[in-house]
Amino acid sequence: MRDITIRESGMDFGPFDVSDVWQVETCTLYERIKEGVQIAEFVVLRQGKAGQPVTWIVEAKSSSPRPENQPNFDAFIEEIRSKLSDAFMLTVATRLERFEGELTNLPTGFQQMDLKTANYTFILIIKDHQDAWLDPIQNALVKAMKGLVKTWNLPPASVAVLNEEGAKQKGLILGTNQ
């Protein structure tokens, strides 16, 4: 097992087993198709409570606008929705071999993942964000992601907005994985 850490938006994510994390933002496939496509930082495989694979699509930000700051807040939510959705679709499309020759560039955990039983969680992590500021962003992102969550029949808790402390509790921030 070889571990990798990812530095993004002033936070250190990981360590993750290299077979279970895809740095989609820096992969060659994204470089090839990126015009008109927004993408999240990385995608990581975790084990769900019932032992099924759960793919976490992670976007990290160093800050966010306040909900009352319109239209900046709406644009922010739309950017995050687009990044998370596009990363999800690119991951599944690559796994389904929609891009010739790219399956072998996916980490082995993704190559072996059973798409039929896999679940997906879309996570926004905002550095130095107070707990009280998370709910309005969570509510807006859940609303923005509703169509994708419903059409893929994902659990209601498939969208999460976390600060660094929440990310540590989920084992995403460096030094907290077990």
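The lysines within cross-link reach of residue 61, meaning a Cα-to-Cα straight distance under 30 Å and a gap of 8 or more places when in the same chain, are 34, 49, 83, 127, 143, 146, 150, 168, 170. When the GluC sites (Glu not before Pro) in segment 25-108 are filtered for DSSP coil states and for at most 14 other beta-carbon atoms within 10 Å of their beta-carbon, the remaining sites are 35, 68, 97, 100. The portion of the accessible surface of segment 36-154 made up by carbon and sulfur, rounded to a whole percent, is 49 (1.4 Å probe; DNA, RNA and ligands excluded). Between helix 131-151 and the chain there is an angle of about 50 degrees, using the helix long axis and the longest principal axis of the Cα atoms. Which value in nm describes the separation of the simple spin-label points at residue 72 and residue 152, placed 7 Å from the Cα toward the beta carbon? Simple spin-label model gives 3.0 nm for this pair. Working value for the chain: equivalent-ellipsoid semi-axes of 25, 19, 16 Å, each the square root of 5 times a Cα gyration tensor eigenvalue, largest first.
This model, with +1 at the C-beta of Lys and Arg and -1 at the C-beta of Asp and Glu, gives segment 58-130 a dipole about its Cα centre of some 160 debye. Mind running the shape call on segment 117-178? Use the C-alpha gyration tensor, a ≥ b ≥ c as the square roots of the eigenvalues: rounded below 1.5 for a/c, prolate if a/b tops b/c, oblate otherwise. Because a/c hits 1.5 or more and a/b fails to exceed b/c, segment 117-178 counts as oblate. Can you tell me how much longer the chain between residue 168 and residue 103 gets when fully stretched, taken as 0.36 nm per residue apart minus their C-alpha distance, in nm with one decimal? This chain segment gains 20.3 nm when fully extended. Label-to-label distance, residue 96 versus residue 32, with points set 7 angstrom from Cα along the beta-carbon direction: 1.8 nm.
Take the Cα of residue 52, step 7 Å toward its Cβ, do the same at residue 9, and the gap between the two points is 2.8 nm. Principal-axis analysis of the Cα atoms of the chain puts helix 72-95 at an angle of about 10° to the longest axis.
The values are calculated or read from the model by the stated rules, or taken from the named source; none is laboratory data. In this text, all values refer to a predicted model and were calculated from it rather than measured experimentally. So basically every Cβ, Gly included, is an ideal-geometry build from the backbone, and we count neighbours across all protein chains shown. Heavy atoms of the whole protein, side chains included, go into the accessibility calculation; ligands, DNA and RNA do not. Shrake-Rupley method; radii C 1.70, N 1.55, O 1.52, S 1.80 Å.
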